[in-house]
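Take a look at the structure set out below.
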Amino acid sequence: MKQETVQGKRIGKVVGIAMEIDRMITEYETFTSDLLKWIETTIESLAERQFANSLVGVQQQLGQFSNYRTVEKPPKFVEKGNLEVLLFTLQSKMRANNQKPYTPKEGKMVSDINKAWERLEKSEHERELALREELIRQEKLEQLAARFNRKASMRETWLSENQRLVSQDNFGFDLAAVEAAAKKHEAIETDIFAYEERVQAVVAVSNELQAENYHDIERILARKENVLRLWGYLLELLRARRMRLECSIQL
């Protein structure tokens, strides 16, 4: 009975070790599959280049990327290290038990995990570069839009003031006064025609924003059209004033 008890304990120990080894193999294969699946899914996600079309949107995406780096990724790196320790422990236990050490299947070896992790790091680096580049582009667009608003505001003010100026018919009541008014009108015309370049500068900035697919382009285009409308109306008023002035000279 004593001999049978000893043998039973020995068999129990062997069976226990075998069960422990099986459990560790299953654990290694399951964790490896899960980690590799996470790596591939993450690489696919990082390769996506559909960025938000606004500065705030890209800043949020950069925040999400930062969260991935500081919160989501570190535990996976720990898992990767734990898998290497688990495999080493498993193989050591099998050698100690005079068993042929376990070799992971093709695609689930430590070297495969390391290669996949290297691809992840490369994809991560490329994602960061692309996000930074898009952030700079959106910042430049916002600066360009602010420049457009400043220019448009100045043009609207100047055009409105000159519309009031050319709407006045203070030509005088004798030939000398009217001729003096004609000379003054020519000077006004020269100033106004020279201003067309500044109006076109507003159009050029608007076109640049449109070409770069600026997120608030509808408002920009509407304001550009307003500037052009004011410009066209000013030219009409200018022509009408010249006609009235010529009539006054003939009279």
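The candidates GLU189, GLU121, arranged from most to least accessible area with a 1.4 Å probe in the full protein assembly, appear as GLU121, GLU189.
Every Cα-Cα pair in region 1-129 was counted, and those over 27 Å apart are 41% of them. Accessible surface of the chain, 1.4 Å probe: 55 percent of it comes from carbon and sulfur atoms. Spatial offset of region 211-228 relative to region 154-188 amounts to 32 Å, using the alpha carbon center of each. Once the Cβ-Cβ distance of LYS73 and GLU29 is raised to the sixth power relative to R0 = 22 Å, the FRET efficiency obtained is 0.45. Once the Cα atoms are used to define both axes, helix 175-194 deviates from the longest principal axis of the chain by about 10 degrees. Over the chain, dividing the summed -39,500 (n - 2.57) contributions of all DSSP H runs of at least 4 residues by the number of residues returns a 222 nm mean residue ellipticity of -30000 deg cm²/dmol. A Förster radius of 25 Å, combined with the Cβ-Cβ distance separating ARG95 from GLN7, puts the computed FRET efficiency at roughly 0.55. In this structure region 62-149 gives 61 Å² per residue of accessible area when probed at 1.4 Å with all protein chains present. Applying a DSSP loop filter and a limit of 14 other Cβ atoms within 10 Å to the GluC sites (Glu not before Pro) in region 27-65 leaves GLU48.
The long axis of helix 2-46 is offset from the longest Cα principal axis of the chain by roughly 10 degrees. Between LEU135 and GLN250, the modelled labels are 6.9 nm apart [label points 7 Å from Cα along Cα→Cβ]. For region 150-192, applying the loop criterion from DSSP together with a ceiling of 12 other beta carbons within 10 Å to the chymotrypsin sites (Phe, Trp or Tyr not before Pro) yields PHE173. Net length available on complete extension from ASN114 to ALA180 is 14.9 nm, with 0.36 nm assigned per residue and the Cα-Cα distance removed. Between GLN50 and MET19, the FRET efficiency from the beta-carbon distance, with R0 = 45 Å, is close to 0.35.
The values are calculated or read from the model by the stated rules, or taken from the named source; none is laboratory data. Note that the coordinates shown come from a computational prediction; the quantities given were computed from them, not determined experimentally. Cβ coordinates were reconstructed from backbone atoms using ideal geometry, including for glycine residues, and neighbour counts include every protein chain displayed. Protein only, heavy atoms only, side chains kept; ligands, DNA and RNA dropped before computing areas. Shrake-Rupley method; radii C 1.70, N 1.55, O 1.52, S 1.80 Å.
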